[in-house]
């Protein structure tokens, strides 16, 4: 059993410790007494201490700190040697006093700071895009250090391995589109136009958006995580010091693969969405298969189809660039990679929506 | 009389069919600073992974405090490992947590101390490794040597009986490395903690080691054991002599 007794004798605080001090709870009264102005010195008698652990070291550490703060003497000569040495060790280095800089700027200052940050991010992003477009031109001239195998790996990852999930989700979206449309169209007895709704909706934009969202979450995140981990492992530093452009070696294979594959995945999403719509129309809305496909075909417009495919192509660029940008600019720790991955996905989706708005406005103006 | 803290019997370490170490027998006595040494690729870190329970042995067994670790169930393993601290090569600190939160984590999970005491204990452990006042810093904001010391403070949080060190000197400058060696010796002598150190740094080996085993990459076995200074005086084979003298270039240590 631990035994801690203390008594004030004149202006001396005498602390007697005996027994085993394992998981000792401490004694707040002792610290209070040691802190009183009556006490001019502290003497610790520890010759009867048995076993001890950090909890006793903590009591002595607190006493030593109070003594240091009050500039009074702490005598601790007959402590067990190990305990004495540990106490000396814990007091040997002066505590670091600089605090981590807190952001205490006012609102206007912060607003200005955000503005500068956004401007710098925009500039950095623009440089990145221009660098990679330049790399793409060099690639077409055959002047880049790009490994064919990296391109093929990226192509496999973005293409065949994504077919399953893109098919499934697009089928479900076509199904939902048909269901939602049918609720309204049924009230006019016009449920047959579900076929037109799904065909136009999927081919014009929904196929591309669904393929884009899936690929942003799947492949864009994977690009950011892979390149972020390479940043942590100093692989990107090694490339830079070897004089090999990161854009050529790491980004181009991924960019080329995704740009190539996204239009194809958009076509797949269009087809699977129409299939999902057909599933609802034929099996649940009692529309005959022939009739459904007739209306689908009538609604089919090659302009819509190519507009959708063009969206897919642009989305491929956006997803690859966002994933790679945040990957190569990732922080150098586990947290940094997580943040990079999140930002890659979020910014891909945001930029896809922005791009859709811009493309729609331009096509509207051009009458397409 | 000192007792064995860790004993290995016919221990085999392998990745699938690829054997890394075989027939390993050794005993780590209480209060030892036990060095596991050997050249690159000799299986030092793999052996440590087995001893820390991160990887099962491919054969044989080992005992920690007399308990057969590989045969223990999950709960027993947890009880055994509560008395063991580990300092990983890069510190192994959680990057999303401050140093204080890193050190407080095992105390919050496995001790009954109130929050205020845990806070004070964290401050004590940080002061012990010379990092008093750095509790609010994140691992990314401190140097490699400081990360190792913070990792050591976390390893010591629960007053372990055994602490494993994986390449403690790796990536440190000679001064930081010597400071860490001294800290390890202080902990060993003051707290009576048994230290198991995987390293190939000769300065550390001779400065802190009280007992050791040498892993030979060719034979995949332990080819030497004993106090490093004794091994240097009477090397059992040429490989050990070459290792301990940097291929004969460091002969002055033998004199």
Inset, instruction - Would you mind stating whether residue A:32 is more than 14 Å from chain B (Cβ to nearest Cβ) and in a helix (DSSP H, G or I)? - result: yes
Inset, instruction - Would you mind finding the one in A:292, A:325 that is part of a helix (DSSP H, G or I) and either within 14 Å of another protein chain (Cβ to nearest Cβ) or closer than 24 Å to residue A:240 by Cβ (or both)? - result: A:325
Legend entry - Of all residues in the range B:167-204 being on the phi < 0 side of the Ramachandran plot, assigned to a loop (DSSP other than H, G, I, E, B) and more than 11 Å from chain A (Cβ to nearest Cβ), the one that is surrounded by the fewest Cβ atoms within 10 Å (Cβ to Cβ): B:173
Legend entry - Tally of residues being away from chain A (no Cβ under 14 Å) and surrounded by fewer than 16 Cβ atoms within 10 Å (Cβ to Cβ) across the range B:64-98: 11
Inset, instruction - Please indicate, with yes or no, whether at least one residue in the range B:248-255 is at pLDDT below 90, in a loop (DSSP other than H, G, I, E, B) and at positive phi. - result: yes
Inset, instruction - Kindly indicate which of A:64, A:25 is under 21 Å from residue A:77 (Cβ atoms) and within 14 Å of another protein chain (Cβ to nearest Cβ). - result: A:64
Inset, instruction - Return yes when residue A:266 is in a helix (DSSP H, G or I), within 22 Å of the chain's Cα centre (by Cα) and assigned by TED's automatic domain parsing to the domain that holds residue A:298 and no when it is not. - result: no
Legend entry - Verdict on residue B:118 being buried (at least 18 other Cβ atoms within 10 Å of the Cβ), more than 10 Å from chain A (Cβ to nearest Cβ) and closer than 22 Å to residue B:6 by Cα: no
Inset, instruction - Could you tell me whether the range A:326-333 includes any residue that is within 22 Å of the chain's Cα centre (by Cα), under 28 Å from residue A:141 (Cβ atoms) and surrounded by fewer than 16 Cβ atoms within 10 Å (Cβ to Cβ)? - result: no
Legend entry - Subset of the range B:98-114 (residues that are within 22 Å of residue B:141 (Cβ to Cβ) and either in contact (Cβ under 8 Å) with a residue 60 or more places away in the chain or not in a helix (DSSP H, G or I) (or both)): B:98
Inset, instruction - Give the range B:131-166 a look and list any residue that's part of a loop (DSSP other than H, G, I, E, B) and more than 21 Å from residue B:5 (Cα to Cα), or say none. - result: B:131, B:132, B:133, B:134, B:135, B:136, B:137, B:138, B:142, B:143
Legend entry - All positions within the range A:93-106 that are within 7 Å of another protein chain (Cβ to nearest Cβ), surrounded by 10 or more Cβ atoms within 10 Å (Cβ to Cβ) and either within 23 Å of residue A:64 (Cβ to Cβ) or modelled with pLDDT of 80 or more (or both): A:93, A:95, A:96
Legend entry - Restricting the range A:147-202 to residues that are under 25 Å from residue A:250 (Cα atoms) and not in a helix (DSSP H, G or I), the residue that is modelled with the highest pLDDT: A:159
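The values are calculated or read from the model by the stated rules, or taken from the named source; none is laboratory data. A quick note: this is a predicted structure, and the numbers were derived from the prediction, not measured. With ideal geometry, Cβ positions are generated from the backbone for all residues, glycine too; neighbour counts draw on all protein chains shown.
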